[in-house]
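Reading through the structure tokens given below for one structure.
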Amino acid sequence: MSDNDQPGEARQHVALPLKYRPMTFDDVVGQEHVVRTLKHAIESGRIANAYLFVGPRGIGKTTTSRIFAKALNCLHPNGAEPCGRCENCVQIAEGRALDVMELDGASHNKVEDVRPIIEAVQFKPAASKYKIFIVDECHMLSTAAWNALLKTLEEPPPYVKFIFATTEGDKVLATIISRCQRFDLRRIQTNQIVDRLKYICGKEGISADEDALLAIARGAEGGMRDALSSLDQLIAFKGGTITEEDALSVFGLVSRSELEGLAGAILKGDAAAILKAVATFDSAGKNMRRLAGELMVHFRNLVVWQALGQKAGNTLEITADQRRTLEDQSKLCDSSRIFRIADKLAEMEDKLRYVLSVRTLIEMTLLRAGRIATVATIEELMKAVRTLKANGGEVQVSAAGRGDSANRPQPPPDNAPHPPPPPAEPEPAFDRQAILNDPKLNGILSKIPGAKVIDIRHA
Ligand SMILES: [Zn+2]
């Protein structure tokens, strides 16, 4: 980053994830359910012995652990929030607090590594209320290491608190989980990441439009740390102005408008446009699996939009531009079709793991999706016929644009006077002799005494 980009900024570059790491609970983005509970625990003084934070990487597990540790040991807390300025807060932030010990379970997973914890537990905190142990990637600890810790976990002294964090909650032993209060941290919503990026760009004097930030957020897949690292990289690479194109090239993503354009082609059943778009993305080296996944999310959003309308804005992770597209596209097709398209795309995502030709599978699926969007189903034909019966009129199957049934003779409406019967085809004449001559029929007739052949058609 050049000095021109950031007048007055210190020369030494501080990485954005570090510079904008949340310092209080209220700064933590996207984990409101966890933050609320932790704040309440502090306010009510009901602190559990051990906490377990589970969730994918880069979404704030370590950050939340440190804020929680600060809040527990802060000398001048502001309600449940740490002050961030007292000696304890500063030392915890800098990783040099005597009473807060951090252990990286990935690299320190043996019994010897947890022994210092077990020893430290016996001594009261030196300068704070609690002695806090934060164990990151705790699923990596060996069974022996856990067993060594277990006794301490069962009955820790009242001044000891444990905070475990892991990306893989399933790998943590049940005996451990049962001794912890477990919190599942979520992937952060795309629009929440966009908002945070917007805020940071404002602070850093970076110009980037919403689609550029959306591309970064999409690339980060719910991880705030990754999003900030990418923004950092892009600033280093492009300086003070970041375009959507820059961000897309980093991740191999298709632009929002291209993705929505492809969705539009599917909704209109425009096979030529579908094939052209797929070919363009493929030859531009776009990540086709991501494309498939994002297309599915788009159709899922359309389903939700059709169900909830404007209220969907709160449920969906979308920006204002995406909202406008959903509104327009939701009018192109009824919800049952969009449901079926979303189903098809979900099937495709499953298959993508096994196929060799990703492009072929995507093409075939999208063409089929285009047909789903536009070709009438039997149910729709039946419905059209029923409507016709009720109203009397032409059968119209709008979506298909093909009125196969329109030219067929239609049954009259139930309450209408019966029209004269259609001109009947001339009936074949009754030919007794021909019947008697039929070897099969004659064989039967000969076994029935007194059997006669008579014409009952007009009886
Ligand atoms: Zn403090």
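None of Thr175, Thr166 is within 29 Å of Ala15 (Cβ to Cβ) and touching a helix residue (DSSP H, G or I) at 6+ places or on another chain (Cβ under 7 Å) except Thr166. For segment 293-312, what are the residues that are surrounded by 15 or more Cβ atoms within 10 Å (Cβ to Cβ) and more than 16 Å from Met348 (Cβ to Cβ)? Passing the criteria: Asn301, Leu302, Val303, Val304, Trp305, Gln306, Ala312.
Among residues of segment 79-92 that are without any contact (Cβ under 8 Å) to a residue 60 or more places away in the chain, those with a Cβ under 8 angstrom from a residue that is more than 6 Å from the ligand (Cβ to nearest atom) and of a type in the set (Val, Ile, Thr), sequence gap 6+ or separate chain, pair up as Ala80/Ile42; Glu81/Thr24; Pro82/Thr24; Pro82/Ile67; Gln91/Val100; Ile92/Val100. Just to be sure before I move on: is Asp104 at pLDDT 90 or above, more than 11 Å from the ligand (Cβ to nearest atom) and under 36 Å from the mean Cα position of the chain (by Cα) in the structure I sent? Here the answer is yes, as Asp104 does meet what is asked. Residues that are small (Gly, Ala, Ser) and over 21 Å from Ala48 (Cβ atoms) do not occur anywhere in segment 176-199. Just give me the residues in segment 44-71 being over 32 Å from the mean Cα position of the chain (by Cα) and either within 16 Å of the ligand (Cβ to nearest atom) or not assigned by TED's automatic domain parsing to the domain that holds Ile163 (or both), in sequence order. Residues satisfying the conditions are Lys70, Ala71. Count of segment 320-351 residues, restricted to those that are at pLDDT below 90 and within 15 Å of Thr365 (Cβ to Cβ), is 2. Can you tell me how many residues within segment 29-56 are more than 17 Å from Ile163 (Cα to Cα) and hydrophobic (A, V, I, L, M, F, W, C)? Final tally of qualifying residues: 1. Residue-level check: of (1) of a type in the set (Val, Ile, Thr); (2) without any contact (Cβ under 8 Å) to a residue 24 or more places away in the chain; (3) closer than 16 Å to Leu367 by Cβ, Ile274 misses just (2). Being among the charged types (D, E, K, R) and either buried (at least 21 other Cβ atoms within 10 Å of the Cβ) or away from the ligand (no atom under 16 Å from the Cβ) (or both): is that true of Asp26 here? Against the criterion (among the charged types (D, E, K, R) and either buried (at least 21 other Cβ atoms within 10 Å of the Cβ) or away from the ligand (no atom under 16 Å from the Cβ) (or both)), Asp26 does not qualify. Note on segment 197-270: no enclosed helices (runs of 4 or more DSSP H) hold 3 or more residues that are free of Cβ contacts under 8 Å to residues at least 12 places away in the same chain. Whenever a residue of segment 154-165 is in contact (Cβ under 8 Å) with a residue 60 or more places away in the chain, its partners that are of a type in the set (S, T, N, Q) and not in a helix (DSSP H, G or I), lying with C-beta atoms within less than 8 angstrom and at least six residues away or across chains, give the pairs Pro156/Asn49; Val160/Asn49; Lys161/Asn49; Phe162/Asn49. Please verify whether Ala93 is assigned by TED's automatic domain parsing to the domain that holds Cys180, of a type in the set (A, V, I, L, M), surrounded by fewer than 21 Cβ atoms within 10 Å (Cβ to Cβ) and away from the ligand (no atom under 16 Å from the Cβ), treating the condition exactly as stated. Here the answer is no, as Ala93 does not meet what is asked. Just one of (1) over 37 Å from the mean Cα position of the chain (by Cα); (2) within 9 Å of the ligand (Cβ to nearest atom); (3) crowded, with 17+ Cβ neighbours inside 10 Å; (4) touching a residue at least 24 places away in the same chain (Cβ under 8 Å) fails for Cys74. It is (4).
Of all residues in segment 313-330, those being assigned to a helix (DSSP H, G or I) and over 15 Å from Thr190 (Cα atoms) number 6.
Quick check: is even one residue across segment 48-69 surrounded by 13 or more Cβ atoms within 10 Å (Cβ to Cβ), without any contact (Cβ under 8 Å) to a residue 40 or more places away in the chain and in a helix (DSSP H, G or I)? No; the residues of segment 48-69 include none that is surrounded by 13 or more Cβ atoms within 10 Å (Cβ to Cβ), without any contact (Cβ under 8 Å) to a residue 40 or more places away in the chain and in a helix (DSSP H, G or I).
The values are calculated or read from the model by the stated rules, or taken from the named source; none is laboratory data. Note that the structure is a prediction, hence the values are computed from the model and not measured. In this analysis, Cβ positions are derived from the backbone assuming ideal geometry, glycine residues included, and neighbour counts consider all displayed protein chains.
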